[in-house]
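One structure below.
The values are calculated or read from the model by the stated rules, or taken from the named source; none is laboratory data. Remember, it's a predicted structure, so these values are computed and weren't measured experimentally. Methodologically, a virtual Cβ is constructed for each residue, glycine included, from the backbone with ideal geometry; neighbour enumeration extends over all protein chains shown. Please note that ligands, DNA and RNA were not included when accessible areas were found on the heavy atoms of the full protein model with its side chains. Shrake-Rupley method; radii C 1.70, N 1.55, O 1.52, S 1.80 Å.
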Amino acid sequence: MTSHTIWEVPGGIHPPENKAQSMAQALVECPLAPEYILPLNQHIGAPSAPLVSVGQAVKKYQLIADAEGIFSAALHAPTSGTVSAIEERLIAHPSGLSAPCIVITPDGLDHACSLEPCEQPFELDHASIVTKIRNAGLIGMGGAGFPSAVKLNPHTNTPINTLIINGTECEPYITADDMLMQTQASELLEGVRLLAHTLGNPANVLIGVEDNKPDAIAALQEAAHTANQRHNCDINVVSFPTKYPSGGEKQLIYILTGQEVDSGKIPASMGIVVQNVGTAVAAWRAVRYGEPLIERITTVVGESLQVQRNMRVRIGTPMNFVLEQNGFMASQSARLIVGGPMMGYALEQTCVPVIKTTNCLLAPSHSEMPEAPPQQACIRCGHCAEACPAGLLPQQLYWYARSDEHEKLEAHHLFDCIECGACSYVCPSSIPLVQYYRAAKGDIRKTAEDKLKSDKARERFEHRQERLAKEEAAKEAKRQARKAAAELNKAKMAAQQAVGAVSPPPAAPANTTANHDPSAPVIPAIASAEELVANAATAAKAQQDPTLDKARLSRTVESLVSSIERLKAQMAEATTEGLEASRIEKMAAKLKQTELKAQEAQAKLDAFDKTLAAGSQVDAAAQKMMASPNAAAEKTLNSLQKRLSKAQELHLDAVNENKPSADALKQGVIKLEQKIEEAKQALNEAQSTASSSNSSSSEPQKPDAAAAAIERAKQKVQAAASMTPEQKAHAAVESLQKRLAKAQERYTKAQETHDENVEAFAIGVEKLELKLKAAMEAQKEGSEQA
Amino acid sequence: MLDWMINNPVPSALLVLAALSLSFGAILGFAAVKYKVEGDPLVEQIDALLPQTQCGQCGHPGCKPYAQAIADGEAINHCPPGGQATINNLASLLGVEAPSLDAEHGQAPEVKQVAYIREEDCIGCTKCIQACPVDAILGAQKKMHTVIESECTGCDLCVEPCPVDCIDLLPVKEGVKEWAWEKPDAHLIATDRAHSPNSAQASV
């Protein structure tokens, strides 16, 4: 046993240890519970995916949920029984919220499925050991719950040179690791050897234990001595002075190696891997015996219990069941804390399950852990800065957290805070500092998420705007193309007429007569119309983003021109300086090339300008069209009248021939007549508005649904802002009544026309009626209160 | 030349200054053309602070237009979804005093909301799809529509156009992953404790 250098972490505190109570009794097995609740997300990362269905029979050790991706862990049945539910259940979490769980009702037989033991685990290669550990659902048992397989597979360029096994257990009350080290020392050493083997036998293998656990240290030293002699390895058990929080990963690394892990980095980047003692034992059992992680040692302690001890508890056992086994006196209990008194959190319900990371259940009495005294003003004593093991400035962080200054918090390295609670412990004003930091961390994360979401929303909004503009442009271009085609047709007809009038045989070839015929001016007209169409087509293409294209073209021209000038200057320089002829020639050739390019680009740009002009003509025409709603209305009226006459003909035919469809046709005629009436009204209106406000109607007002809705919402909000609650209620009722009337109208219409959605409309009406009733009641209540 | 300058110090100083100012002016003018920034960077910065719900409660059809309006001098307190936090951020960006939210444009929402379509009632009219500013509603003519929850900004512009009233705005469900610690109540001091709401409830 070689002595090992110890470094001392800054800060830290010495709270009362309270570890003797639970070490007085022997480790016992917790009996089978009436129900096991297994949350799907007990670890850091993605929740596991259930493999079983409700009603299915499962055996002990059976895989019931598989890892979903790399950052996840598998889940196994803690005993045999049936899956009674897969649903949201309350879990052990400071939020007191529910999460998806698999619930198993045990059959009491505890039948295990067959396992796959491995006689020679040290002959396995890295990949197969990691796979076995992964399949056993192992996660860090110290508290954070990081999937162990990921930790044993570090993707860093630095080779692992140090393996640290964390047996510190620095938090008061908790003795689960102490008990494990005392009772399973030899298995722990096998686990350590296995982990070292998996990591490629690093040079330093250290087991760190605080010096307040002499029995555990003695047991480990003996086991390590045996292992070192038998297997010729060098496992070092290092004890160091007790101080909270030496058990933090970064703190322990500093104590044992003197190296500090950079902010935001993981220890593996420095060639160090830290594993908890519980994880080492579980890894050994998983690889050697094929046993998945279905139980753990949990300290059950506190003065409101009749028995305080360590228990081997199956994962998923409800906490109230565990407490019952130890004579829990609810009347004396101040609260139930999961984890230790420093970093644990209080639970509101006791029906939550024990999970893979639950190392302690603390049920203190009122006298043992009185309620925290009220917070007082900060007196700037600086004790917190002395106590901080991470070397932060808790007081500064406190001020910034209080005033929500996120940037300054990050500048003061809030995210390096390990939330150990040392600062809150020493604060003479009993300010719950850690709570402020936790809240601030949550706030910062939420803000970052919101920012991501709003960025996404902005992108979607902009894409939508772009798409709408493009659709509009495409429609416009099509319209123009149609118009141009119509004009072309007209011109052609005119030409034919003209040709026909002058020379009766139209078969005469046009190009021979063109020089002398009076039809000569018609041919250019056709040509120009064709050109118009072509222009419109190019305009339609260019419409996608003509200005952008143009800008690009003109940029190219500019850059080419400037490079020509540069080349010329260089040539001049070269000739004056009398350089070799070949180089000057080369330059001249280059210059010529560039000039050609520039000409080409200029030509392109000119052509583009032309098309742009055509495009703007098209735009102007379109605006003109839109400016006169009369025209549109007239058009619809005309087409409707045409349709009506056709429908009437059809109807007459049908009546004459006594067809059964006559009735339907008649209805169609009636409907069309109605429509014509409406169109006429619209036309009248359009004419009246056009005459009354010519200037306003000249602006192309787009009937944009969104814009209209915004307008309405705006008015509503404005109206609502200036109202008393009574008025508000009244307004709500009124608007609901309006909506109801509208809905009823729609419904009756739908009934008349035998719409297939009649039922949906009916439901809509019913729902609105209900809402109206509720609103009216609310109004009544409001007025009564007033 | 030098003699003339020594003999006429005032005109020569003026000449030198004029020459300097001309040359600097030329440099600045050249830089202004050469390093011209496309678009208005201030508008982009303001837009980045707005919540991007595109709800139109500020009176502009989207967040970008409101950002433009702020850059042109409109008040910064017209955005209810952003709430006081957005106003504070805008105030610090623009270097002005942070006003409180203008009630004329509505109240800041207490909880985040998303639209939810009762799918059995939807008749497939596509009216909500046209109203949605962020394309968060999926559906087609005569086919059931649904809201993509992760994309919905809760702007409520789709509620009004629905003919069968099948869109509800529901508060976003908070799971374990979204949950965060709350800031402790800093205003409670020892003498307040007897009157705090918790102790009052306990004594009743």
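Fully extending the segment from residue A:674 to residue A:331 would add 115.5 nm, taking 0.36 nm per residue of separation and subtracting the current Cα-Cα distance. Projected label points at residue A:225 and residue B:32, each 7 Å from Cα along the beta carbon direction, are separated by 8.8 nanometres. Taking 0.36 nm per residue of separation and subtracting the Cα-Cα distance, full extension of the segment from residue A:774 to residue A:727 would add 15.3 nm.
When the Cα centres of the stretch A:450-469 and the stretch B:131-165 are compared, how far apart do they sit, in Å? The distance from the Cα centre of the stretch A:450-469 to that of the stretch B:131-165 comes to 15 Å. Under 10 Å, Cα contacts only: if you run a Gaussian network model on chain B, which one of B:137, B:87, B:148 comes out with the highest mean-square fluctuation? Largest GNM mean-square fluctuation: B:148.
Chain B: D in µm²/s via Stokes-Einstein (Kirkwood Rh, Cα pairs, 10 °C, 1.306 mPa s)? Let's see the in-between values first.
Details: Rh = 22.6 Å.
Stokes-Einstein gives a translational diffusion coefficient of 70 µm²/s.
State, to one decimal in nm, how far the label point of residue B:178 lies from the label point of residue A:17, with both points 7 Å from Cα in the Cβ direction. A separation of 4.6 nm, rounded to one decimal place. When both the stretch A:121-167 and the stretch A:278-297 are represented by their alpha-carbon centers, they are found 12 Å apart.
Taking each pair of different alpha-carbon atoms in the stretch B:41-105 once, compute 1/r for the pair, average those values, and report the inverse of that mean as the Kirkwood hydrodynamic radius in Å to one decimal. Don't skip to the end; give the middle numbers.
Values: mean 1/r = 0.0884 Å⁻¹.
In the stretch B:41-105 this quantity evaluates to 11.3 Å.
Bridgeable aspartates and glutamates around residue A:492 (alpha carbons under 15 Å apart, same-chain partners fewer than 8 residues away excluded): A:530, A:531.
Write down, largest first, the equivalent ellipsoid semi-axes of the stretch A:20-361 in whole Å, where each equals the square root of 5 times an eigenvalue of the alpha-carbon gyration tensor. Could you put the intermediate results ahead of the total?
On the way: eigenvalues 184, 117, 71 Å².
Each semi-axis is √(5λ); the values are 30, 24, 19 Å.
Pairs exceeding 19 Å between alpha-carbon atoms, taken from A:680/A:749; A:456/B:64; A:771/B:127; A:771/B:142; A:408/B:173: A:680/A:749; A:771/B:127; A:771/B:142; A:408/B:173.
A 1.4 Å probe, protein heavy atoms only, puts the accessible area of residue A:125 near 90 Å². Overall, the stretch A:207-274 carries a charge dipole of about 80 debye about its Cα centre when +1 sits on the Cβ of Lys and Arg and -1 on the Cβ of Asp and Glu, all other atoms neutral.
Can you classify the stretch A:329-379 as rounded, prolate or oblate using the Cα gyration tensor, where a ≥ b ≥ c are the square roots of its eigenvalues, rounded means a/c under 1.5, and otherwise it's prolate if a/b beats b/c and oblate if not? Oblate, because a/c is 1.5 or more while a/b does not exceed b/c. Cβ-Cβ distance of residue B:10 and residue A:487, R₀ of 51 Å, FRET efficiency by 1/(1 + (r/R0)^6): the value works out to about 0.10. Averaging the Cα positions of each part gives two centres, and for the stretch A:1-72 and the stretch A:360-422 these lie 27 Å apart. Per-residue SASA remark: residue B:40, around 70 Å² accessible (1.4 Å probe; ligands, DNA and RNA not included).
Can you tell me which lysines have their Cα less than 16 Å from the Cα of residue A:646? Leave out same-chain residues fewer than eight positions away. Counting by Cα, and skipping residues close in sequence, residue A:646 has these lysines nearby: A:666, A:671, A:675.
Net length available on complete extension from residue A:445 to residue A:604 is 52.0 nm, with 0.36 nm assigned per residue and the Cα-Cα distance removed. Per residue, the Cα convex hull of the stretch A:156-249 amounts to 96 Å³.
For the stretch A:179-199, the residues whose backbone nitrogen is under 14 Å from a point 7 Å from the Cα of residue A:4, taken along Cα to Cβ, are A:189, A:192-193, A:196.
Below 8 Å between Cα atoms, with a sequence gap of 6+, how large is the relative contact order for the stretch A:383-444 in percent?
Details: 67 pairs, mean separation 23.6, N = 62.
With pairs under 8 Å counted, the relative contact order is 38 percent.
On the basis of the beta-carbon distance and an R0 of 22 Å, residue A:478 and residue A:645 show a calculated FRET efficiency of 0.15.
Rank these residues by their accessible area, most exposed first, probe 1.4 Å: A:130, A:758, B:10. Present the calculation step by step, with values, prior to reporting the outcome.
On the way: A:130 15, A:758 35, B:10 100 Å².
Most to least solvent-accessible, the answer reads B:10, A:758, A:130.
With a 1.4 Å probe rolled over the protein heavy atoms of all chains, the accessible area of A:114, B:12 falls in the order A:114, B:12, largest first. The relative contact order of the stretch A:20-361 comes to 24 percent, based on Cα pairs under 8 Å that sit 6 or more residues apart. Computed with every protein chain present, the accessible area of residue B:181 is close to 80 Å² [probe 1.4 Å].
When A:747, A:425, A:244 are compared by accessible area of protein heavy atoms, the largest-first order is A:425, A:747, A:244, using a 1.4 Å probe. Placing a label point 7 Å from the Cα of residue A:379 along the Cα-to-Cβ direction, the residues of the stretch A:401-430 whose backbone N falls under 14 Å of that point are A:426-430.
Partner chain Cβ atoms within 10 Å, averaged over the residues of A:369-376 - can you pull that number for me?
Details: counts 0, 0, 0, 1, 2, 8, 7, 3.
Counting Cβ atoms of other protein chains within 10 Å of each residue's Cβ and averaging gives 3.
Per the Debye calculation on the stretch B:111-174 with a single equal scatterer at every Cα and no solvent contribution, log₁₀ I(q)/I(0) for q = 0.21, 0.24, 0.25 Å⁻¹ amounts to -0.73, -0.96, -1.04. I need the calculated FRET efficiency for the pair residue A:555 and residue A:590, taking r as the beta carbon distance and R₀ as 25 Å, to the nearest 0.05. According to the calculation, E is roughly 0.75. Treating each Cα of the stretch A:303-393 as an identical point scatterer and ignoring solvent, apply the Debye formula and state log10 I(q)/I(0) at q = 0.15, 0.17, 0.20, 0.25 Å⁻¹. Debye intensities relative to I(0), on a log10 scale: -0.68, -0.79, -0.95, -1.32.
Each 5 Å bin from zero holds the following percent of Cα-Cα pairs in the stretch A:383-444: 4, 22, 36, 25, 12, 1. Within chain B, the whole DSSP H helices whose Cα atoms reach 24 Å or more along their own axis and whose mean Kyte-Doolittle score is at least -1.0 are B:9-34.
Note on residue B:185 and residue B:149: their simple-model spin labels are 3.2 nm apart, each label 7 Å out from Cα toward Cβ.
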